[in-house]
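Here is the structure we will look at.
The values are calculated or read from the model by the stated rules, or taken from the named source; none is laboratory data. Note that the structure is predicted; figures quoted are calculated from it, not measured. Here the Cβ is made from the backbone with ideal geometry for all residues, glycine too, and neighbour counts use every protein chain on show.
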Amino acid sequence: MNEPINPTPNPVNTPAPVTAGLPTSLQTTATQAPVMAKTAATKAAIDQKEGAIVLDIANEKGPEKKTESKEAGSLKELFEQANTWFINLSGIKLDEKLLFFQLLGAMINAGLPILDAMALLINQAKNPKLKMVIEDMRSKIEEGESLAASMRANSDVFDEATCSVIEAGEKSGKLNDIMKELVAQYEQLSELTKKFKSVMAYPVIVIVFMSLLTVIVLIFVVPKLEELFGGTGNLPLPTRILINGSDMLLSYWHFILAGLAAIAFAFKKWRGTRGGAKAWNTFVLKTPVFGSIIQNMILTRVTRIFGFLITAGVPVVESLKIASHIAENELYQEKLLLAADDLTKGISIAENLSDDEKLFPQMLVNMMAIGEKTASLDSVMGKAADFYKDELERKIGGLSKLMEPIILSIIACGAVFMILAIYLPILQMNDRVIG
């Protein structure tokens, strides 16, 4: 007769636990620990023989941990995408671009490879968007693209003119010299921009302050006056205009805001078209005072870059095309590109530009003609750039003196209108009481 199989395994000689010096409760636990371990091991062996599945607690909690990590990862990715979106919406100031080109030019001039220079500039940049742009440029350069191509991939930061100048420097092997001239151009542009902003700061502040004051008067003061005067009947014209403006603002303010936003959006879209850009640039150039300042600014940049590119050994046709991008004006760009195309057909630059004196003054055309005849177009363009720069600074200085009486006249007209609108009804009421 077969004896029943004892599931209990053969006893193993285990060392007795050391319990000396322990409290009574801990001694009992230490004594029973080997027995409990044997029992657990025996039960696990029996379950395994019977086909039972033993689950580990750690394995049971594993999927929950993975799910939680996936959710945390998705939230982190969403946050990073939102952060990147907000960074892309931010801008890069002109001074930050200037510092970027200054440092990059200094490193290239010192013989540092572009990749190493970019790595240093990433650590140097404080603007998050600029840092992101430099990282993107460095990765594209590592992939084999040129510096100009990496800049063109970030067209919202670097305009076509800057990319064309850098490309010309890379092709001609004179990137160091081109970079120095580009830094000089940015310094000059930054200086002129600061002067122009300082001139326009005072009138802008005054106009904004007057606009806010007018809105406050229309919302809080005029309704009380309307109650005081008992309606708009038999009131003077300035008072009726003020009251009607207040009623319109209070009743249709949401439509007014929506209309202004729609007008701004439509104007931006229209200006982005080729026809809209040409029409807007034509209007700007015909604007009194400001038109001549903008024209001098364009001519200063075009002549400076055009002359320098010729000095750097860039072909005249290519230099003219790059100068057209420097203008950043549809009218000048179209005319200069046409001149570059006609130059390949044997038509001189001066002859091509002489038929539009509004864009290119006769003095500049004559200087170009002399430069072409004497093969000194580069030096002639440099002298023309110096002349237009001095002329531009003089006009900006004159603009600051001109804005003061204009702003004072606007303030006086607004104050007189408010006084008439408020005091004429009061005087009219006094006349009725006395009469």
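Does region 298-313 hold any residues that are of a type in the set (A, V, I, L, M) and either crowded, with 23+ Cβ neighbours inside 10 Å or part of a helix (DSSP H, G or I) (or both), and which are they?
Listed by number, the residues that qualify are Ile298, Leu299, Val302, Ile305, Leu309, Ile310.
Going by what's in this entry, would Asp378 be described as among the acidic types (Asp, Glu) and modelled with pLDDT of 85 or more?
yes
Would you confirm whether any residue within region 247-255 is among the acidic types (Asp, Glu) and touching a helix residue (DSSP H, G or I) at 6+ places or on another chain (Cβ under 9 Å)?
yes
When the residues of region 317-353 are filtered to those that are small (Gly, Ala, Ser) and at negative phi, which remaining residue is surrounded by the fewest Cβ atoms within 10 Å (Cβ to Cβ)?
Ser348
Which condition does Ile293 not pass, out of (1) over 20 Å from Asp386 (Cα atoms); (2) touching a residue at least 40 places away in the same chain (Cβ under 8 Å), if it passes all the others?
(1)
State yes or no: is Lys129 assigned to a helix (DSSP H, G or I), among the charged types (D, E, K, R), surrounded by 16 or more Cβ atoms within 10 Å (Cβ to Cβ) and at pLDDT 90 or above?
The answer is no for Lys129.
Checking Met132 against (1) over 18 Å from Glu170 (Cα atoms); (2) free of Cβ contacts under 8 Å to residues at least 40 places away in the same chain: exactly one of these is not met. Which one?
(2)
Quick test for you: out of Val208, Val199, pick the one residue that is free of Cβ contacts under 8 Å to residues at least 12 places away in the same chain, farther than 30 Å from Pro315 by Cβ and in a helix (DSSP H, G or I).
Val208
Is it the case, given these coordinates, that Ile178 is in contact with a helix residue (DSSP H, G or I) (Cβ under 6 Å, 6 or more places away or on another chain) and not assigned by TED's automatic domain parsing to the domain that holds Asp95?
yes
Quick grid of which residues meet (1) of a type in the set (D, E, K, R); (2) over 24 Å from Ala385 (Cβ atoms):
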site	(1), (2)
Glu145	yes, yes
Ala148	no, no
Ala153	no, yes
Asp156	yes, yes
Leu175	no, no
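Restricting to region 407-425, name every residue that is more than 32 Å from the chain's Cα centre (by Cα) and surrounded by 13 or more Cβ atoms within 10 Å (Cβ to Cβ).
Ile410, Ile411, Gly414, Phe417, Met418, Leu420, Ala421, Ile422, Tyr423, Leu424, Pro425
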